[in-house]
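S.K.: Okay, handing you the structure first.
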Amino acid sequence: METTRYAQPNLGVGLLGHPLGHSFSPVIFQHLGEEYKLYDVEKEGAEAIIKSGNFVGLNVTVPHKKTAFESVDFLDKTAAMCGAVNTVILRGGLTYGYNTDFYGMRAMIEYYGIEIKDKVVAVFGRGGTAGMAKVLMEHLGAKSVSMIGRSDTPDYENTDVIVNATPVGMYPNCDNAICDVTAFKKLSGVVDAVYNPLRTRLVYQAKKAGIPACNGLYMLVAQAVKSYDIFFNKTTSREKIDEIFKQILWEQSNIVIVGMPSSGKTVIGQYIAASAKKRFVDVDAEIVRKAGMSIPEIFDKKGEDYFRDLEQNVVEEFSNGRGLLIATGGGSVIRKANRCALAQNGFVVFLQRNTDLLETTGRPLSKDKETIKKLFIERLPYYKEIADFEVENNGDIESCKQKIIAAVEQYFSHPTTIL
């Protein structure tokens, strides 16, 4: 067999796909002690890179998984079953294709405890990830598995589990969801292969409906570690996968504090940010900086609608950031777009304070106690909707701080509560 058509390998590993600006893979391999490159190429260039052999190993993501499947010399059994390749290695001058997504999604489902056996499963998508997900669901004992394309209508009456195997909802198009979770009559699980943002709109819907759900971050880490083992002939423990997953989740997540004006968001937020080593961002301060005037001046000269639009822009900007502690304005939760944005990468703390203790000085919408109480009643459902944790700040500020720190530590040490 011909073995000389490949170039001498450059001893590198990396990711082949397009676009790759959202990729966490280099961070995962950094945790594994390996340098990792990104090969951001459109469809025409993927086959040439795979056939060049100028690598030790490649991970392959959308839209090149089927191209990889068709381009390698040999297929692993799982890759052959799935009809897609997401990991390629060079061995003896020939390319071998694997599907570590199969391992990654299975590990994720096990980690989050989502039951597949004897369930009716709908897999959204027609691409390589969707084909892999269908094979996996059948392997896990699903009662039936249907693949749902753009023009197909899912079985809203009987579907137990939905799997999003499309890029819908992925950054920067975070406002989208592949379907409306509430339209299904008996859902018991939601699996989303998208990992950026950390809480996709689909997962957010499921959380609000009380349905167990998971995003794709654990899958990403597990499949990357599996490919690392293939690249370097190693065996990495599940405990190590868990460790890397939790570390990346912590590094990429924001902590968000919501609550009424003068409830202590800034003071407590600065303390928690220093303790958690997160960069502190005050939404109101950013609005003032961008507008070049104080908040009372903005309301007086431009009006509330102008302020809310500016606030929404600031919330969106920093919600897409990583490793931040975001202290919001009291009314930031009024708009649904803000609530969704803050939740997508954030652990959200609702800081409550007795309305009699809230200040009225310098507050355009809180000029007296009766108005404050009315505003609080109007906003309370929104605070509760978005909150992952609620805590009172009625005087014992040290106790409040410690409760938040304990909640944050609990949340990130047991990440299944991300749901």
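S.K.: With +1 on each Lys and Arg Cβ and -1 on each Asp and Glu Cβ, and nothing else charged, work out how big the dipole of the chain is about its Cα centre, in Debye to the nearest 20.
M.R.: The dipole of the chain has a size of about 180 debye.
S.K.: Residue by residue through region 117-126, what is 3J(HN,Hα) from phi via Karplus (6.51 cos²θ - 1.76 cosθ + 1.60, θ = phi - 60°)? Round to whole Hz and write x for glycine and proline.
M.R.: Rounded to whole hertz, the list is 4, 6, 9, 8, 10, 10, 9, 8, x, 10.
S.K.: Would you be so kind as to identify which of Ala406, His139, Pro167 lies farthest towards the positive end of the dipole of the chain, taking Lys and Arg as +1 and Asp and Glu as -1 on Cβ and the Cα centre as origin?
M.R.: Positive-most Cα among the choices belongs to His139.
S.K.: Separate question: For Phe24, what accessible surface area do you get with a 1.4 Å probe? Give it in Å², rounded to 10.
M.R.: Estimated to the nearest 10 Å², Phe24 gives 10 Å².
S.K.: For the chain, return all DSSP H helices satisfying: extent of Cα atoms along own axis at least 30 Å; mean Kyte-Doolittle hydropathy at least 1.0.
M.R.: For the chain, where a helix must reach 30 Å along its axis and average at least 1.0, there are no hits.
S.K.: May I ask for the distance between the Cα centers of region 144-212 and region 86-106, given as a whole number of Å?
M.R.: 27
S.K.: For region 167-270, just say rounded, prolate or oblate: build the C-alpha gyration tensor, square-root its eigenvalues into a ≥ b ≥ c, call rounded for a/c under 1.5, and beyond that prolate if a/b exceeds b/c, oblate if not.
M.R.: oblate
S.K.: State the antiparallel share, in %, of DSSP beta bridges confined to the chain, rounding to the nearest 5.
M.R.: Roughly 15 percent of the DSSP beta bridges within the chain come out antiparallel.
S.K.: What ³J(HN,Hα) values, in whole Hz, does the Karplus curve 6.51 cos²θ - 1.76 cosθ + 1.60 give for region 166-173 when θ = phi - 60°, with x put for Gly and Pro?
M.R.: 10, x, 4, x, 7, 4, x, 9
S.K.: Which lysines, on any chain, are close to Lys51 with Cα under 27 Å apart, when same-chain ones fewer than 8 places away are left out?
M.R.: Candidates past the 8-residue exclusion: Lys37, Lys43, Lys65, Lys66, Lys77, Lys226, Lys234.
S.K.: At a threshold of 8 angstrom on Cα-Cα distance, excluding pairs fewer than six apart, so keeping six or more, what relative contact order does region 164-205 reach in percent?
M.R.: Relative contact order for region 164-205 comes out at 51 percent.
S.K.: Amide H to amide H under 5 Å from Thr87: which residues, 5+ apart in sequence or cross-chain, H placed 1.01 Å off N in plane?
M.R.: Amide H to amide H, under 5 Å and 5 or more residues apart or across chains, Thr87 pairs with Val60, Tyr98, Thr100.
S.K.: Sticking with this one: Applying a 10 Å radius around every beta-carbon, put 82-95, 393-406, 262-275 in order of their mean neighbour count, most first.
M.R.: Peptide ranking by packing, descending: 82-95, 262-275, 393-406.
S.K.: FRET efficiency for Lys373 and Ala80, Cβ-Cβ distance as r, R0 = 51 Å, nearest 0.05?
M.R.: 0.20
S.K.: Sticking with this one: From the list [x] 25.8, 105; [y] 27.0, 125; [z] 23.9, 85, can you say which value of Rg and Dmax of the Cα atoms in Å was derived from the structure given?
M.R.: Here Rg and Dmax of the Cα atoms in Å agrees with entry [z].
S.K.: What ranking do 155-165, 302-312 get when scored by the average of other Cβ atoms within 10 Å per residue, highest first?
M.R.: 155-165, 302-312
S.K.: Using helices alone, what [θ] at 222 nm do you get for the chain, with -39,500 (n - 2.57) per DSSP H run of 4 or more residues, divided over all residues and rounded to the nearest 500?
M.R.: The per-residue figure over the chain is -13500 deg cm²/dmol.
S.K.: May I ask you to order 31-42, 135-146 by the average number of other C-beta atoms within 10 Å around their residues, highest value first?
M.R.: 135-146, 31-42
S.K.: Cα gyration tensor of region 170-225, axes a ≥ b ≥ c as square roots of the eigenvalues: rounded (a/c below 1.5), prolate (a/b > b/c) or oblate?
M.R.: oblate
S.K.: Give me a comma-separated list of calculated 3J(HN,Hα) values for region 348-360, in order, Karplus coefficients 6.51, -1.76, 1.60 applied at θ = phi - 60°, integers in Hz, x for any Gly or Pro.
M.R.: Per-residue couplings from phi come out as 9, 9, 9, 8, 8, 8, 3, 4, 5, 9, 7, 7, 10 Hz.
The values are calculated or read from the model by the stated rules, or taken from the named source; none is laboratory data. Because the structure is predicted, anything quoted here is derived from the model rather than measured. Reconstructed Cβ throughout: ideal geometry from the backbone, glycine too, with neighbour counts over all protein chains shown. All accessible areas refer to the heavy atoms of the entire protein, side chains included, with ligands and DNA or RNA removed. Shrake-Rupley method; radii C 1.70, N 1.55, O 1.52, S 1.80 Å.
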